[in-house]
Amino acid sequence: MAKDKTPKNAAKTQMHKTMNPISENIRGAMVDLLQAHLGTAIDITYQTKQAHWNVKGMNFIAVHELFDDLHDLTEGYVDDIAERLTAIGGQAHGTVQASVQNSLLEAYPLDLVKSEDHLRRLTESYAKWSAAVEKGIEEASEAGDPLTEDLLTGIGRGLDKSIYFMESHFQG
């Protein structure tokens, strides 16, 4: 019989009945992990849209379009995370209010205008989430959930590329 590798600090979560083969304890731990990433994904999606709407400067159109592309990318992460969370028996908490409670990020400043300021601030948010995704990959691996591990690995790859695209504007 396989040993249950549920993370020690996993909160108890009400689960829906499912035929998913992962144990209920592991599913509960993964739902808790994914709730934090769902809140963060929603938060970063709208941090990016905030920057898109309000950016100004000499390179306006390039940065405006980059932020729109990043918004679309992160919006895809929202859906992927929510669908994984519900596929393993959880209830996705995807409202704005729930996202604020669950996000791992600091609030985005509402007074930024210059493209470089938006780029630097968004890069910080993406990097913070990327570090949390790395930890989540480890947690999913230790818990024995290769599909959540794979989902987070794909998101991590995308976040790294997004960070590269933003940092390239102020490196060199």
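The values are calculated or read from the model by the stated rules, or taken from the named source; none is laboratory data. Predicted model only: the values in this text are computed from it and were never measured. Virtual Cβ from ideal backbone geometry, glycine too; neighbours counted across all protein chains shown. Note: areas computed on protein heavy atoms with side chains; ligands, DNA, RNA excluded. Shrake-Rupley method; radii C 1.70, N 1.55, O 1.52, S 1.80 Å.
Quick notes
- Checked against (1) exposed (fewer than 15 other Cβ atoms within 10 Å of the Cβ); (2) over 19 Å from ASP32 (Cβ atoms); (3) among the basic types (Lys, Arg), LYS135 meets all criteria but (2).
- Evaluated against (1) open to solvent by 20 Å² or more (accessible area, probe 1.4 Å); (2) closer than 13 Å to LEU34 by Cβ; (3) not hydrophobic (A, V, I, L, M, F, W, C), ARG120 falls short on exactly one condition, (2).
- So TYR77, is it buried (at least 23 other Cβ atoms within 10 Å of the Cβ), part of a helix (DSSP H, G or I) and of a type in the set (Phe, Trp, Tyr): yes
- Selection count where residues are touching an Asp or Glu at 6+ places or on another chain (Cβ under 9 Å), of a type in the set (Gly, Ala, Ser) and closer than 20 Å to ALA82 by Cβ, scope the range 92-145: 8
- Test: residue in the range 90-110 that is of a type in the set (Phe, Trp, Tyr), outside any loop (DSSP other than H, G, I, E, B) and touching a residue at least 60 places away in the same chain (Cβ under 8 Å): no
- Positions within the range 138-167 being over 18 Å from LEU104 (Cβ atoms), in contact with a Pro (Cβ under 8 Å, 6 or more places away or on another chain) and open to solvent by 30 Å² or more (accessible area, probe 1.4 Å), in sequence order: GLU142
- Lone qualifier among GLN50, GLN14 - being open to solvent by 20 Å² or more (accessible area, probe 1.4 Å), in contact with a Phe, Trp or Tyr (Cβ under 6 Å, 6 or more places away or on another chain) and not β-branched (Val, Ile, Thr): GLN50
- When ALA62 is tested against (1) without any contact (Cβ under 8 Å) to a residue 40 or more places away in the chain; (2) crowded, with 21+ Cβ neighbours inside 10 Å; (3) among the hydrophobic types (A, V, I, L, M, F, W, C), only condition (2) is not met.
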